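*Asks:* Please find one structure pasted underneath; my questions will follow.
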Amino acid sequence: MNNLKVAIPVSSKDDNPIMFERFGRASYFCIFDTEDDSSVVVANPAVGARGGAGPRAVEFLSSKQIQSVIVPQLGPNADGALRAAQITIFQGEPIPVKNLIDKWKKDELRKL
Amino acid sequence: MQITIVSGKGGTGKTSLAVSLAMTLENVQLLDADVDEPNCSLFLDLDTKLVAEAKIPIPEINYDLCTLCGACSSNCEYNALMKVPDQILVFEKMCHGCGLCSKICPENAITEVPRTIGYLYEGENKEFLFNFGSLIVGEELSTPVISQLKQLISKDKPIIVIDSPPGSSCPMVETVIDSDYVILVSEPTPFGLSDMKMVVKTLRILEKKFGVVINKDGVGNEELELFCQKEEIPVLLKIPFDLEIAKNYSKGVPFLNVLPEMDSKLKKMIVDIGEALE
């Protein structure tokens, strides 16, 4: 597998948080890198946006060279932005991110 | 004289008062600025026609010049622009038309193109002039429609009555900002009072002269009047809580036609307001 980065919205910097149920308004993104199986948690700059948090979050992830996201539900703006940014979207579920990444690695998540 | 009728809570009687007040006056212009839900025309027996489109300028990117530097998107206050690796996305409905992006683009790659977000209408019956704005369903920005509606204010009419959207946010502020006097309609209920307090705060920041009309007088409690006394806000008029008013309202008949004594009371209120402005 090529080097891939996948992002998941989370609400805390804890070791293994559960996926947050909103995308653009998540406090953080957990970014997992397949190159070395490492993960980092970064603050989402769009969390306090008055409007347009979804697209702003996508712009941020795009600037971080993210290729895939695992998400809860998405608004139409965030959805359009992710597709325009050529980021692959996978349907997540509210379970700990490590379990979610395992499922993603085994190709068990539905591509949206 | 420009008089705007506001309320905190919706459904307190702005439209009823605006229509009845305008009908008692001669050579008047009535403006329905509640562009999300304009309904004065339901109470008026006149035909209206489309006179203008309300538009806001939105950015268009010229990719022959754009270097994808991202200055436009990172400075957009409304997150209407977004940079992805090969293009700048424009989220039209997020755009407030401020024009900043076109001014700061270092390559002059952005031009502004108009986008229609609402329509403006006009109707006339002898000396009664009526205008209203209507926001297109699905659009979010009522403020620019209101601002463009106000450009239709006639210089020939001595009195302009404006029906404002409810609440105390931007659309209401845009409606009252250049008014001479503001009439605050409230109902004497805890909910009515709570929302009214926010409007009072807003009007004081805007340094507007205003008074209160108590509608549905007789329901609720005394708190509203006590608040007005304490805050030294004049109570201009009381409209009784009356089932006949409600019945006729549902048929599109304003309360002026139900309670004929209101004619002289409304006229007196205008005289009182004129004196307060001297």
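The values are calculated or read from the model by the stated rules, or taken from the named source; none is laboratory data. The model shown is predicted, which means the values in this text are computed figures rather than measured ones. Neighbour counts run over all protein chains shown; Cβ positions are idealised from the backbone, glycine included. Heads up: the accessible areas ignore ligands, DNA and RNA and are worked out on the full protein's heavy atoms, side chains in. Shrake-Rupley method; radii C 1.70, N 1.55, O 1.52, S 1.80 Å.
*Asks:* Identify, please: which residue in the stretch B:69-89 is among the aliphatic types (A, V, I, L, M) and either within 7 Å of chain A (Cβ to nearest Cβ) or over 35 Å from the mean Cα position of the chain (by Cα) (or both) and is, among those, most open to solvent (accessible area, probe 1.4 Å)?
*Replies:* Only one residue fits best here, namely B:89.
*Asks:* Okay, next question. Among the helices (runs of 4 or more DSSP H) confined wholly to the stretch B:116-205, which include 2 or more residues that are within 21 Å of residue B:54 (Cα to Cα)?
*Replies:* B:143-150, B:170-176
*Asks:* Then there is this: Is it the case that residue B:92 is within 14 Å of chain A (Cβ to nearest Cβ), more than 20 Å from residue B:150 (Cβ to Cβ), surrounded by fewer than 17 Cβ atoms within 10 Å (Cβ to Cβ) and under 32 Å from the mean Cα position of the chain (by Cα)?
*Replies:* Taking the combined requirement at face value, the residue satisfies it.
*Asks:* What do you reckon, is residue B:162 hydrophobic (A, V, I, L, M, F, W, C), in contact (Cβ under 8 Å) with a residue 60 or more places away in the chain and surrounded by fewer than 21 Cβ atoms within 10 Å (Cβ to Cβ)?
*Replies:* No: the conditions fail for residue B:162.
*Asks:* For the subset of the stretch B:218-239 comprising residues that are in contact with a Gly (Cβ under 8 Å, 6 or more places away or on another chain) and among the β-branched types (Val, Ile, Thr), which member is nearest to residue B:254 (Cα to Cα)?
*Replies:* Among them, the one singled out is B:239.
*Asks:* Restricting the search to the stretch A:79-100, which residues are outside any loop (DSSP other than H, G, I, E, B) and open to solvent by 10 Å² or more (accessible area, probe 1.4 Å)?
*Replies:* Here is the first cut: in the stretch A:79-100, the ones outside any loop (DSSP other than H, G, I, E, B) are A:79-84, A:88-91, A:96-100.
Result: A:79, A:80, A:83, A:84, A:88, A:90, A:91, A:96, A:98, A:99.
*Asks:* Over 14 Å from residue B:182 (Cβ atoms), in contact with a Pro (Cβ under 8 Å, 6 or more places away or on another chain) and outside any helix (DSSP H, G or I), is that true of residue B:224?
*Replies:* no
*Asks:* Looking only at the stretch A:58-78, how many residues end up being at pLDDT 90 or above and assigned to a helix (DSSP H, G or I)?
*Replies:* 7
*Asks:* Condition check: out of contact with any helix residue (DSSP H, G or I) (no Cβ under 9 Å at 6 or more places or on another chain), modelled with pLDDT of 95 or more and open to solvent by 30 Å² or more (accessible area, probe 1.4 Å). Does residue B:45 satisfy that?
*Replies:* Working: out of contact with any helix residue (DSSP H, G or I) (no Cβ under 9 Å at 6 or more places or on another chain): yes; modelled with pLDDT of 95 or more: no; open to solvent by 30 Å² or more (accessible area, probe 1.4 Å): yes.
When the stated conditions are applied, residue B:45 does not pass them.
*Asks:* For the stretch B:227-242, enumerate the residues that are surrounded by fewer than 17 Cβ atoms within 10 Å (Cβ to Cβ) and in a strand (DSSP E or B).
*Replies:* Hits for the stretch B:227-242 are B:235, B:238, B:240.
*Asks:* Separate question: Could you go through the stretch B:96-112 and let me know if any residue there is under 30 Å from residue B:213 (Cβ atoms), out of contact with any helix residue (DSSP H, G or I) (no Cβ under 8 Å at 6 or more places or on another chain) and not assigned by TED's automatic domain parsing to the domain that holds residue B:178.
*Replies:* No; the residues of the stretch B:96-112 include none that is under 30 Å from residue B:213 (Cβ atoms), out of contact with any helix residue (DSSP H, G or I) (no Cβ under 8 Å at 6 or more places or on another chain) and not assigned by TED's automatic domain parsing to the domain that holds residue B:178.
*Asks:* Scan the stretch B:28-76 for residues that are among the polar types (S, T, N, Q) and assigned to a strand (DSSP E or B) and report the count.
*Replies:* Of the stretch B:28-76, the ones among the polar types (S, T, N, Q) are B:29, B:39, B:41, B:48, B:62, B:67, B:73-75.
Of the ones still in play, those that are also assigned to a strand (DSSP E or B) are B:29.
Final tally of qualifying residues: 1.
*Asks:* Then there is this: Within 14 Å of residue A:9 (Cβ to Cβ), among the hydrophobic types (A, V, I, L, M, F, W, C) and within 14 Å of chain B (Cβ to nearest Cβ): which single residue out of A:61, A:100, A:74 fits that description?
*Replies:* Details: A:100 fails: within 14 Å of chain B (Cβ to nearest Cβ); A:74 fails: within 14 Å of chain B (Cβ to nearest Cβ).
Answer to the check: A:61.
*Asks:* Another one. Quick one: how many residues across the stretch B:102-154 are of a type in the set (A, V, I, L, M) and open to solvent by 70 Å² or more (accessible area, probe 1.4 Å)? Give the derivation first.
*Replies:* In the first step, residues of the stretch B:102-154 are kept if they are of a type in the set (A, V, I, L, M); the result is B:104, B:109-110, B:113, B:117, B:120, B:129, B:135-137, B:141, B:145-146, B:149, B:152-153.
Narrowing further to those that are open to solvent by 70 Å² or more (accessible area, probe 1.4 Å): B:137.
Selection size over the stretch B:102-154: 1.
*Asks:* OK, next. Among the residues of the stretch B:204-225, write down those that are closer than 15 Å to residue B:6 by Cα and either surrounded by 21 or more Cβ atoms within 10 Å (Cβ to Cβ) or of a type in the set (Lys, Arg) (or both).
*Replies:* B:204, B:208, B:209, B:210, B:212, B:213, B:214, B:215
*Asks:* Residue by residue through the stretch A:101-112, note down the ones that are touching a strand residue (DSSP E or B) at 6+ places or on another chain (Cβ under 7 Å) and either open to solvent by 30 Å² or more (accessible area, probe 1.4 Å) or assigned to a helix (DSSP H, G or I) (or both).
*Replies:* Within the stretch A:101-112, A:101, A:104, A:110, A:111, A:112 qualify.
*Asks:* Could you tell me how many of the residues in the stretch A:40-78 are of a type in the set (Ser, Thr, Tyr) and surrounded by 18 or more Cβ atoms within 10 Å (Cβ to Cβ)?
*Replies:* Qualifying residue count, the stretch A:40-78: 2.
*Asks:* Taking the residues in the stretch A:6-27 that are buried (at least 21 other Cβ atoms within 10 Å of the Cβ) and touching a Ser or Thr at 6+ places or on another chain (Cβ under 8 Å) as candidates, determine which candidate is farthest from residue A:106 (Cα to Cα).
*Replies:* A:26
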